[in-house]
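So the structure is just underneath, and the comments pick up after that.
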Amino acid sequence: MKRSFNQIALTAVLLLTLGVTTSFAANGNDQATVSFRKEFKQAEVLSTDAGKDFTKITFKLNGAILNAFYNEKGELLAITHNIRSTELPLSLLMQIKQYYSNYWITDCFEIDANGTTNYYITVENSDTKLTLRSNESDWETYSRIVKI
């Protein structure tokens, strides 16, 4: 399950970091769709993307846009949600302000998988683009791109 979570996290980070916004027809994994409808009865489905290892369902619930990731069996793997940096836990926000003050924030989201919430934030300056992942109390570098 750890590998699946890492695959979902990597995919979510890449999609959100790159700003890819694509709409797909609702022809994804039928098991995922059935499970989604049971778990999120009040949600409005915006798009469905059936990938190789999982199905991503983008939906609106109570005014928020969320992404649910399901495996081939229709089991919920993770939910992601874009957030403002000010919605981060205070300790994580303070670390960003202290250690990355010469960067600007280009992306920030939370991911909930197996009852555990992690945060990802992408910060950039003229030389570097960093994606950081929380490990509950601190940030660790998830990816680093040096700009040319």
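The values are calculated or read from the model by the stated rules, or taken from the named source; none is laboratory data. Nothing here was measured: the structure is a model prediction, and the numbers come from that model. We place every Cβ from the backbone using ideal geometry, glycine too, and count neighbours over all the protein chains shown. Note: accessible area is taken over every heavy atom of the protein model, side chains too, but ligands, DNA and RNA are not part of it. Shrake-Rupley method; radii C 1.70, N 1.55, O 1.52, S 1.80 Å.
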Note: among 91, 47, just one is open to solvent by 40 Å² or more (accessible area, probe 1.4 Å) and small (Gly, Ala, Ser), namely 91
For residue 137, work out the one condition from (1) within 30 Å of residue 35 (Cβ to Cβ); (2) exposed (fewer than 13 other Cβ atoms within 10 Å of the Cβ); (3) touching a residue at least 24 places away in the same chain (Cβ under 8 Å) it doesn't fulfil. (1)
All positions within region 115-124 that are open to solvent by 40 Å² or more (accessible area, probe 1.4 Å) and in contact with a strand residue (DSSP E or B) (Cβ under 7 Å, 6 or more places away or on another chain): 117
Which is closer than 26 Å to residue 146 by Cβ and open to solvent by 20 Å² or more (accessible area, probe 1.4 Å), of 127, 112? 127
Just wondering, is there one or more residues in region 96-104 that are in contact (Cβ under 8 Å) with a residue 60 or more places away in the chain and open to solvent by 70 Å² or more (accessible area, probe 1.4 Å)? no
With respect to residue 85, is the statement that it is touching a residue at least 24 places away in the same chain (Cβ under 8 Å), farther than 19 Å from residue 40 by Cα, small (Gly, Ala, Ser) and in contact with a strand residue (DSSP E or B) (Cβ under 9 Å, 6 or more places away or on another chain) true? yes
